[in-house]
Amino acid sequence: MGYEPQADFGTPAVKSDTTVTLSIDGRAVSVPAGTTVMRAAALSGGAIPKLCASDNLKQFGSCRLCLVEIDGMRGTPASCTTLVNEGMTVHTETARLQKLRRGVMELYISDHPLDCLTCSANNDCELQDMAANVGLRDVRYGYEGANHLGEATDTSNPYFDFDPSKCIACSRCVRACDEVQGTFALTISGRGFESKVSAGLASDNFFSSECVSCGACVQACPTATLNEKAIKDIGKPERSVITTCAYCGVGCTFRAELRGEQVVRMVPWKDGKANRGHSCVKGRFAWGYARHQDRMTKPMIRAKVTDPWREVSWEEALGYAAGEFKRIAAKHGNNALGGIVSSRCTNEEGFLVQKLVRAGFGTNNVDTCARVCHSPTGYGLSKTFGTSAGTQDFDSVEDSDVMLVIGANPTDGHPVFASRMKRRLRQGARLIVIDPRRTDIVRSPHIEADYHLPLTPGTNVAILTAMAHVIVTEGLVDQAFVAERCDMDEFRDWADFVSDMRHSPEFLAPVIGVDAAQIRGAARLFATGGNGAIYYGLGVTEHSQGSSTVMAIANLAMATGNIGRRGVGVNPLRGQNNVQGACDMGSFPHELSGYRHVSDPVARAMFEAEWGVPIDPEPGLRIPNMLDAATDGLFKGLYIQGEDIVQSDPDTRHVVAGLEAMECVIVQDIFLNETANYAHVFLPGSTFLEKSGTFTNAERRIQPVRKVMEPLNGYEDWQVTQELARAMGLDWNYTHASEIMDEIARLTPTFAGVSFARLDQEGSLQWPVNEAFPDGAPIMHVDGFVRGKGKFIVTEYVPTDERTGPRFPLLLTTGRILSQYNVGAQTRRTENSAWHEEDLLEIHPSDAENRGIRTGDWVRLASRAGETTLRATVTDRVAPGVVYTTFHHPTTQANVITTDNSDWATNCPEYKVTAVQITPSNGPSQWQQDYEAQADLSRRIAMEPAE
Amino acid sequence: MTGQVHHVDTTAKLVTMINQIVRNTAREKDQIAAIADHIHAFWTVRMQQQLLEHGSTGLDPVAVAVMARLAPGIRAPHDA
């Protein structure tokens, strides 16, 4: 695709059952009633000049450029604020209009630098386009009068500059911040000639203000006032490629805009169905890691992890890896081998890794990092509804009346969807937040949660059962829905269980740590407030009762009839870009793609016929079990694609012990990550910009990932897996990722209708895509649950084994921050670190005072599993008795602290509850210093002797 | 970190896991069958065998009953 600005129809689309026909410059145009004249003209191919209008913003009517004449109407109304009428006759280009527009443009240009030839937006500037459009040839007022040309440029943001001398005060940036992002960080300060865009207070610049760098203002700006630094450095893009972001589970679609082989910028694609043209600071700006100096591009091997790495050819590396794995299998058996694939990888890569493990290694020992985040979602929703996935699309939120957000921090973790939630909340939807922390969505401009229930970490099941108690005992159950859609015997058992007085809010309040009246109020609101949608994240799943909590959520949705239509549903917010896809692709050790258990002979037979090898009918090892088996001397070889288990998995010391006990660890990654410190073979990987494939987001939306530039290492990741398979003797001959998807479609009933050609045609598809749902299913369980009748499951609250006591009196919970992502491998190698250069410990003022701790102090964070040090920040965002930190930086190693407690059903780690003690410290611990030294030692690469 | 000794009692972890499953499935109508199905679906044969060889020490009585039910179907690890 060449470089063309994305189409802008001036004002937003409207929905109406009534069509209006009018005449515009002699053309008959039919549009939905309520459409503006501006949009109708643009849709009919005759765009009207404009500056302050954009089709992702409400009509504003300030620039006076879009004036039109309408028969029978006086004056020259603004087309952006005038709605169409049946039979209306509009004229957009008359001598009178041209004169008026030239006059308006003269005023704009009289206070605008005439540096077009050297301006970074030259030939990509709406002001320039409009000046040409209206035929401006001269400015009668001259340029000597009072103007803003001397205003200083604000360069404080790492990614874009603000040059007020070029500002035309159209307010598009301010409105984008308000309406699209919902942060309200910008305003127009001053009046008349003094009007100017201002970020935060007068003393602020963009960086110090509340701006979250989503890029909406930059995208909205019609001049070079807000412009990416990359445009200034590299130049205007020449071509673009549509692809999908590789960060969180929202799955934003972007236009990668390039000049030659160089990405200039990533611009959210307006036709993207997950993001609807919006972005966050990560997807929009934090892609520079793809060309970071730390990128590894050459294969390396070493006999011992204490040896320096030795760069070798692909042939030697793959031959060595295959030889080692074959030796291990011959000596210790097939079950001494296994593989792990990251949820950051594409569907095609995930499918190939599990195929290599099952068909090549001859074992089901394959797992994915979804194990450590959303495995309870798969288990819980499969048991209750019959499908291991969320029930809605993101658009559904537009019809929600009450949102229940539990264990999720969408403004940091899923910011683009959070903006859509906030937009709906500003329209009047109600909000319940269940979270130990006061997350940003609890209270932000024009939004305040009706209920924030700051429960004690580890009591999710108790609070959901207490809410269910209120709903059942106060007669708020949707009896008609339950009678029609659910198993009544199971419902009665569940209703009896939750009705017991020991599940009342009053009885459980001391355990939960939330006032009973608040719990009752929240339950009543959810049950009676209209369409109720539940959104949850890892604060639900990463607990010893993660699966029970998911089932309790499903119970609540069924009891209130909130399933099977727009505006409702159970919505897991997936942490990584392809968590859903990794689970779909058979990356778990007990099931094949499409969630069919390995013991299912019919499913197994399909794969055996396609692959020509027998499939083991017994489940394989999960990640923690692989590590256990390794320390027992039974598991010897591990192939890890794109996952950094040393940093991301709990109880780091155990992870390291497991890896150290193995004879051959193969790491395939773009960087020498922490896990690579314990690897024997390193295979360089490729970024999402360098390969083809698909990601499946949190709404089951399968979206294309398109190669934007050639991989630095020479191969796409699926090709590396194929070469490893071939080195092990498998006859794989895929020539493109699309052929892998074709195989997935042949073997996976829910993907039967998916192909790259179909995705190119549709843009994206939400599975299931098959004979029953040829165009996919935005909303599931519409006429009935996939499993037949919805299953209520009794979820008894079982306190975690992790208890506070005199030695460890505080509860640590962990999470992520907006600017960083997961273990930080990508975002730490971008300018995003300007916002978060280290992990900090949040501690309540009373807990801090008791310990003599102030903001900025080094503190020792100790648990039964280990200890580390980091700096503290004192805040009442956390409740007394609770502390919080992120896990983005390897030097902090927050997972040294977390224990090996896990979910009872899936072994998803209990990251969210660790008993700890905090004490003042002098700085990084000896352990941290030793770790850094060891990591440096492990990353040595042997120099080739000089010729 | 290389060279540090980190002892893990993996059998004790299996005991913890099955006891945890018992506590979280207490309301199942046929709890023993439900847990047996769960373990059969998600645990490797070797894990089942390891717990069987461990015996009943530390196991919840329900877990002991589950293992007794599973025992005839569990093959030795070398058969897996």
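The values are calculated or read from the model by the stated rules, or taken from the named source; none is laboratory data. The model shown is predicted, which means the values in this text are computed figures rather than measured ones. FYI the Cβ positions are ideal-geometry reconstructions off the backbone, even for glycines, and counts take in every protein chain you see. With ligands, DNA and RNA removed, areas are computed over all heavy atoms of the protein, side chains included. Shrake-Rupley method; radii C 1.70, N 1.55, O 1.52, S 1.80 Å.
Residues that are open to solvent by 10 Å² or more (accessible area, probe 1.4 Å) and touching a strand residue (DSSP E or B) at 6+ places or on another chain (Cβ under 9 Å) within region A:900-922 comprise A:Asp900, A:Asn901, A:Ser902, A:Tyr911, A:Lys912, A:Gln917, A:Thr919, A:Pro920, A:Ser921, A:Asn922, listed in sequence order. For A:Thr76, the criteria (1) in contact (Cβ under 8 Å) with a residue 60 or more places away in the chain; (2) open to solvent by less than 40 Å² (accessible area, probe 1.4 Å) hold in every case but one, which is (1). Here A:Asp900 fits the description: assigned to a loop (DSSP other than H, G, I, E, B), of a type in the set (Asp, Glu) and within 14 Å of another protein chain (Cβ to nearest Cβ).
Look at region A:82-93 and say how many of its residues are over 12 Å from A:Ile48 (Cβ atoms) and open to solvent by less than 80 Å² (accessible area, probe 1.4 Å). Result for region A:82-93: 4. As a summary of the residue check, A:Gly633 satisfies the conditions (1) in a helix (DSSP H, G or I); (2) surrounded by fewer than 24 Cβ atoms within 10 Å (Cβ to Cβ) except for the one numbered (1). Is it the case, given these coordinates, that A:Thr721 is part of a helix (DSSP H, G or I) and hydroxyl-bearing (Ser, Thr, Tyr)? For A:Thr721, the condition - part of a helix (DSSP H, G or I) and hydroxyl-bearing (Ser, Thr, Tyr) - is met. Scanning region A:389-410 for residues that are among the hydroxyl-bearing types (Ser, Thr, Tyr) and crowded, with 24+ Cβ neighbours inside 10 Å yields a count of 2. Scan region A:628-653 residue by residue and report those that are farther than 26 Å from A:Gln826 by Cα and more than 8 Å from chain B (Cβ to nearest Cβ). Listed by number, the residues that qualify are A:Ala630, A:Gly633, A:Phe635, A:Lys636, A:Gly637.
Of all residues in region A:765-819, those satisfying the criterion of being of a type in the set (D, E, K, R) and open to solvent by 30 Å² or more (accessible area, probe 1.4 Å) are A:Glu771, A:Asp775, A:Asp783, A:Arg787, A:Lys789, A:Lys791, A:Glu796, A:Asp801, A:Arg803, A:Arg807, A:Arg816. Set side by side, the residues A:Gly581, A:Gly612 differ, and just one is away from every other protein chain (no Cβ under 14 Å), open to solvent by 10 Å² or more (accessible area, probe 1.4 Å) and either within 23 Å of the chain's Cα centre (by Cα) or of a type outside the set (Phe, Trp, Tyr) (or both), which is A:Gly612.
Name the single residue that is nearest to the other protein chains (Cβ to nearest Cβ) among those in region A:293-340 being part of a strand (DSSP E or B) and among the charged types (D, E, K, R).
A:Arg310
In the set A:Val681, A:Val705, A:Val656, A:Val665, which member is touching a Leu at 6+ places or on another chain (Cβ under 7 Å) and either in contact (Cβ under 8 Å) with a residue 12 or more places away in the chain or within 14 Å of chain B (Cβ to nearest Cβ) (or both)?
Within the list A:Val681, A:Val705, A:Val656, A:Val665, the selection yields A:Val665.
Selection within region A:95-118: residues that are in contact with a Lys or Arg (Cβ under 8 Å, 6 or more places away or on another chain) and in a loop (DSSP other than H, G, I, E, B). The member of this set that is surrounded by the fewest Cβ atoms within 10 Å (Cβ to Cβ) is A:Pro113. Taking the criterion of being in contact (Cβ under 8 Å) with a residue 12 or more places away in the chain, open to solvent by 30 Å² or more (accessible area, probe 1.4 Å) and touching a Cys at 6+ places or on another chain (Cβ under 9 Å), would at least one residue in region A:589-609 satisfy it? Yes, region A:589-609 has at least one match. Restricting attention to region A:126-166, the residues that are in a loop (DSSP other than H, G, I, E, B), modelled with pLDDT of 95 or more and not β-branched (Val, Ile, Thr) add up to 5.
Report, by residue number, each residue of region A:170-188 that is in contact (Cβ under 8 Å) with a residue 60 or more places away in the chain and not in a helix (DSSP H, G or I). Listed by number, the residues that qualify are A:Cys170, A:Ser171, A:Gly182, A:Thr183, A:Phe184.
Going by the structure shown, is A:Ile441 surrounded by 22 or more Cβ atoms within 10 Å (Cβ to Cβ) and either farther than 27 Å from A:Lys791 by Cα or free of Cβ contacts under 8 Å to residues at least 40 places away in the same chain (or both)? Talk me through it step by step, then tell me what you get.
On the way: surrounded by 22 or more Cβ atoms within 10 Å (Cβ to Cβ): yes; either farther than 27 Å from A:Lys791 by Cα or free of Cβ contacts under 8 Å to residues at least 40 places away in the same chain (or both): yes.
Yes, satisfied.
Results for (1) farther than 21 Å from A:Ala220 by Cα; (2) open to solvent by less than 20 Å² (accessible area, probe 1.4 Å); (3) assigned to a loop (DSSP other than H, G, I, E, B), shown as yes or no for each residue.
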residue: A:Gln6; (1), (2), (3): no, no, yes
residue: A:Gly10; (1), (2), (3): no, yes, yes
residue: A:Ser23; (1), (2), (3): yes, no, no
residue: A:Gly34; (1), (2), (3): yes, no, yes
residue: A:Lys58; (1), (2), (3): no, no, yes
residue: A:Cys63; (1), (2), (3): no, yes, yes
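The residues of region B:16-51 that are open to solvent by less than 60 Å² (accessible area, probe 1.4 Å) and over 30 Å from A:Trp494 (Cβ atoms), listed by number, are B:Thr44, B:Val45, B:Met47, B:Gln48, B:Gln49, B:Gln50, B:Leu51. The number of residues in region B:1-40 being in a helix (DSSP H, G or I), modelled with pLDDT under 95 and within 7 Å of chain A (Cβ to nearest Cβ) comes to 2. The sole residue among A:Ala533, A:Ala527 that is at pLDDT 95 or above and part of a helix (DSSP H, G or I) is A:Ala527. Taking the criterion of being away from chain B (no Cβ under 14 Å) and either open to solvent by 10 Å² or more (accessible area, probe 1.4 Å) or of a type outside the set (S, T, N, Q) (or both), the residues of region A:878-891 that qualify are A:Val878, A:Ala879, A:Pro880, A:Gly881, A:Val882, A:Val883, A:Tyr884, A:Phe887, A:His888, A:His889. Exactly one residue among A:Glu315, A:Glu348 is farther than 18 Å from A:Ala274 by Cα, acidic (Asp, Glu) and in contact (Cβ under 8 Å) with a residue 12 or more places away in the chain, and that residue is A:Glu348. Looking at region A:846-865, can you tell me whether even one residue there is farther than 22 Å from A:Val655 by Cα and in contact with a His (Cβ under 9 Å, 6 or more places away or on another chain)? No, region A:846-865 has no match at all. Screening A:Arg102 with (1) charged (D, E, K, R); (2) in contact with a Leu (Cβ under 6 Å, 6 or more places away or on another chain); (3) farther than 14 Å from A:Leu51 by Cα gives one miss only, at (3).
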